[in-house]
Amino acid sequence: MSNLPNGWIEIQLFEVGKIITGKTPSKNNPEDWGNKYDFITPTDIKDDSKFIDKTSRFISEKGKNRFQNMMIDKYSIIVTCIGSDMGKVVINKNIALTNQQINSIIIYASFDKDFIYYKLKSEYKLLKRLAGSGSTMPLLNKSDFSNIKITVPKSLSEQKDIANILSSFDKKIELLKEQNQTLETMAQTIFKEWFIDFNYPNATGEMIDSEMGEIPKGWRVGIFDEIIEFINGYAFKSDELEKVEDIDSYAIFKMGHIKKGGGFNPTKTKDYISKNQCTKLEKYILKSGDILMCMTDMKDSTSLLGHTALMFEDEKYIVNQRVGLIRPNNNVDINYPWLYILTNSHGFISDLRNRANSGVQINLSTSEIKNTKIIIPDKETNKLFNLLTLPIFEKMKNIYFQIQTLEETRDSLLPKLMSGKTRIQGFKVD
């Protein structure tokens, strides 16, 4: 290529490292499964993480020996290459086997693994195009993957310098995410201590019998509907939706925005709608403190059903069907932190799922959600809980926006650095 930046070259992926396509061990060979080596599938990969170090399944030493030629080393590059999940790129932290929906690259020493990771992240559209994004099942096979052409600095030191800049953003982002997880865990611990173990301030120790077991005197059993406003998401038509965001559009909040175990994943935003089309849909426009519940899941892989995400942004998202919008509405001072923690607690989720309508898809009905039995604490205890937890969630909100800013800056730099249009000279993240 004549227009390459000075000192850059064009190469194919097979020149960067050894390309490996994974395989799934057979159920007929149970000895291949164990607890020693990671077995990675696309569902184990989070869109917003650079590294993967946790998987749901593992293989044994025998499994490793059987698939020796398909095992990947630590710090290989993993790329999902089939279906709607294709184009995810991560680095594995452990020796692993992937399934056949993933192509991996064991990077040669003459290339920087972090640079190649970011290069492939920047080539998402290329990956989709080569896989046939308009087809029913996009697929990027090993041969086509191996022959992808990319441009890289010939100098390993320049590769490292570029990768270090982008890595510094990711390290800061991960640190902030860990801080938010610590804050959320702190609030969950207080909730459990007060509202499950009943060790709360001013507790007298006096208990009364109820249909949900012994509860503190002054508390009572009620239903979820007594303390919330519940709104079913709006059924948008596919031909109304847009793929590109602009200042006059809302992002569509869908089930995919809700993380396994609870939480909000903003990277799942794929669709938008013009604000002009939403003039009569004010009640569906999300506000900070709104709680969003997943109402549908697949029977064979139930992981999201009943879990909730907490919204920190005002009037950026509008809620889609099969997501329930929950807002506090009561006279006992129960606020959104209490509701968010409750709706992701094991007991609440288990009870909901036991009452779901079962089929190929599992569905939660509005009436079953509203009629969920809960223990309603007294007003004074709820006020004290708010005094402790609202500041915690305010800190989480502030950190969320710090993360958003860092991600936007990183993402704006990514194509410039990966194309060589911006060269590195003394740049760093504060």
_Taking 2.2 N^0.38 Å as the expected size of a compact globular protein, what ratio does the Cα radius of gyration of the chain give against it, to two decimals?_
1.11
*Farthest toward positive dipole pole in segment 42-116 [+1 Lys/Arg, -1 Asp/Glu at C-beta], among Q101, F111, G83*: Q101
*Hey, rough spin-label estimate for R423 and S84, points 7 angstrom out along Cα→Cβ, what's it come to in nanometres?*
4.5
_Among W33, I148, L120, which residue has its Cα furthest toward the positive end of the charge dipole of segment 8-153, with +1 on Lys/Arg Cβ and -1 on Asp/Glu Cβ?_
W33
*Among L325, G289, S367, whose Cα sits farthest toward the positive end of the charge dipole of segment 220-376 (+1 at Cβ of Lys/Arg, -1 at Cβ of Asp/Glu, about the Cα centre)?*
S367
*Which FRET efficiency value, to the nearest 0.05, do you get for D209 and F51 by plugging their Cβ-Cβ distance into 1/(1 + (r/R0)^6) with R0 = 41 Å?*
0.25
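Could you pull out the trypsin sites (Lys or Arg not before Pro) across segment 330-420 that fall in loop regions by DSSP (anything but H, G, I, E, B) with no more than 16 other Cβ atoms inside 10 Å? All intermediate terms of the calculation are to be shown ahead of the outcome.
Values: sites: R353, R355, K370, K373, K379, K383, K395, K397, R410, K416; in loops: R355.
Passing sites in segment 330-420 are R355.
Quick one: pull the percentage of alpha-carbon pairs in segment 277-355 with a separation above 21 Å. Write out the running numbers ahead of the final one.
Values: 1020 of 3081 pairs.
In whole percent, the long-distance tail amounts to 33.
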*Could you tell me which trypsin sites (Lys or Arg not before Pro) in segment 275-324 are loop residues by DSSP with no more than 12 other beta carbons within 10 angstrom of their beta carbon?*
K280
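Given Cα pairs under 8 Å that are at least 6 residues apart, what percent is the relative contact order of the chain?
Working: 752 pairs, mean separation 64.8, N = 430.
It comes to 15 percent, rounded to a whole number.
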*asked:* Placing unit charges on C-beta atoms (Lys and Arg positive, Asp and Glu negative, everything else neutral), compute the dipole magnitude of segment 379-428 about its Cα centre in debye, rounded to 20.
replied: 200
*Could you calculate the FRET efficiency of E15 with K177 from 1/(1 + (r/R0)^6), where r is the beta carbon distance between them and R0 is 45 Å, rounded to 0.05?*
0.85
*Label-to-label distance, nm, for residues given as S365 and E61 (7 Å Cα→Cβ offset)*: 5.5
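Give a quick list of trypsin sites (Lys or Arg not before Pro) in segment 115-200 that DSSP marks as loop, anything other than H, G, I, E or B, with at most 14 other Cβ atoms within 10 Å. All intermediate terms of the calculation are to be shown ahead of the outcome.
Details: sites: K119, K121, K125, K128, R129, K142, K149, K154, K160, K171, K172, K177, K192; in loops: K154.
Taking segment 115-200 and a limit of 14 other Cβ atoms within 10 Å, the loop trypsin sites (Lys or Arg not before Pro) found are K154.
Please compute the net charge surrounding S238, taking Lys and Arg as +1 and Asp and Glu as -1 over other residues with Cβ under 15 Å from its Cβ.
Numbers: positive: K237, K243, K254, K270, R322; negative: D239, E240, E242, D271.
With Lys, Arg at +1 and Asp, Glu at -1, the net is +1.
Please return the longest stretch of the chain lacking exposed loop sites, where GluC sites (Glu not before Pro) count only if DSSP places them in a loop and at most 15 other Cβ atoms lie within 10 Å.
Numbers: sites that count: E206, E245, E315.
In short, 1-205.
Could you work out the equivalent-ellipsoid semi-axes for segment 207-254, taking the square root of 5 times each eigenvalue of the Cα gyration tensor, largest first, in whole Å? Please list the in-between numbers first.
Values: eigenvalues 415, 26, 14 Å².
So the three semi-axes of segment 207-254 are 46, 11, 8 Å.
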*With a bin width of 5 angstrom, please list the P(r) values of segment 207-286 as percents of all Cα-Cα pairs, from the 0 bin to the one holding the largest distance.*
3, 11, 16, 16, 13, 9, 8, 7, 6, 6, 4, 0
_Multiplying the sequence separation of K36 and E282 by 0.36 nm and subtracting their Cα-Cα distance, what value in nm do you get?_
83.4 nm
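222 nm [θ] for the chain, helices only, -39500 (n - 2.57) per DSSP H run of 4+, per residue, to 500? Let's see the in-between values first.
Details: 10 runs with 136 residues, N = 430.
Mean residue ellipticity, 222 nm, calculated: -10000 deg cm²/dmol.
Computed from the coordinates by the stated procedures, all read-outs in this text should not be read as laboratory data. On a predicted model such as this, the values are computed, not experimentally measured, just so you know. Quick reminder, even Gly has a Cβ in these numbers, built from the backbone with ideal geometry, and neighbours come from all protein chains shown.
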